[in-house]
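The values are calculated or read from the model by the stated rules, or taken from the named source; none is laboratory data. Being a predicted model, the structure only gives us computed values, none of them experimental. Don't worry about glycine lacking a Cβ; one is built from the backbone with ideal geometry, like all the others, and counts go over all protein chains shown.
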Amino acid sequence: MTRARRFEPGPIHLLRLEQGEDLVDAITAYATSERIQAAWFTYLGAVSRAALRYYDQVEMAYRDFTIDEHLEVLSGVGNVSLKDGAPFVHTHAALGDAAGRAVGGHINQGCTVFSLEVRLEELSGEAPVRTLDEASGLSLWGLD
Ligand code: ZN
């Protein structure tokens, strides 16, 4: 059954990430410093290297891979919730290469920002907490 919780819109933050920053680490550091526990965000820009992961639903295991190319971030989306008591960033993105081909996946640590513009909307309410879901093997929101 679908689980849900209501939130009220909070402040909207615009972030400009700098060249050389790690995409996931930079957003996590911002959320931590601003004490943001629940948020939804989108972003666009470019990375000079991508680190992605794909979840194999049969093996219930992640497959990590990297792309050592300059890529456009065509569309990035993500959220902030709590895991182990700290803000946790979960994000996926579609990336484009020089020929306009798209690749994408779950964004791992190791994505090096060339430039990135982020629109992060804080959500006001009891923050979702991630816990292990036995059925999927994933760390999912414990909503009620
Ligand atoms: Zn993911």
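Checking Ser48 against (1) more than 16 Å from the chain's Cα centre (by Cα); (2) over 15 Å from Leu17 (Cβ atoms): exactly one of these is not met. Which one?
If we test Ser48 against (1) more than 16 Å from the chain's Cα centre (by Cα); (2) over 15 Å from Leu17 (Cβ atoms), just (2) comes out false.
Residues that are more than 13 Å from the ligand (Cβ to nearest atom) and without any contact (Cβ under 8 Å) to a residue 40 or more places away in the chain: list the strands (runs of 3 or more DSSP E) wholly contained in the range 81-124 that include at least 1 such residues.
Working: elements: 86-96, 102-107, 112-124.
In the range 81-124, 86-96, 102-107 are the strands (runs of 3 or more DSSP E) which contain 1 or more residues that are more than 13 Å from the ligand (Cβ to nearest atom) and without any contact (Cβ under 8 Å) to a residue 40 or more places away in the chain.
Please verify whether the range 44-64 includes one or more residues that are free of Cβ contacts under 8 Å to residues at least 24 places away in the same chain and under 17 Å from Trp141 (Cα atoms).
No, every residue in the range 44-64 fails to be free of Cβ contacts under 8 Å to residues at least 24 places away in the same chain and under 17 Å from Trp141 (Cα atoms).
Residues that are touching a helix residue (DSSP H, G or I) at 6+ places or on another chain (Cβ under 9 Å), closer than 21 Å to Thr112 by Cβ and among the aliphatic types (A, V, I, L, M): does the range 24-46 have at least one?
Among the residues of the range 24-46, not one is touching a helix residue (DSSP H, G or I) at 6+ places or on another chain (Cβ under 9 Å), closer than 21 Å to Thr112 by Cβ and among the aliphatic types (A, V, I, L, M), which makes the answer no.
Looking at Thr32, Thr42, Thr2, Thr28, which is the one that is surrounded by fewer than 16 Cβ atoms within 10 Å (Cβ to Cβ), under 13 Å from the mean Cα position of the chain (by Cα) and either of a type in the set (Ser, Thr, Tyr) or at pLDDT 95 or above (or both)?
Working: Thr32 fails: under 13 Å from the mean Cα position of the chain (by Cα); Thr2 fails: under 13 Å from the mean Cα position of the chain (by Cα); Thr28 fails: surrounded by fewer than 16 Cβ atoms within 10 Å (Cβ to Cβ).
Testing whether each residue is surrounded by fewer than 16 Cβ atoms within 10 Å (Cβ to Cβ), under 13 Å from the mean Cα position of the chain (by Cα) and either of a type in the set (Ser, Thr, Tyr) or at pLDDT 95 or above (or both) leaves just Thr42.
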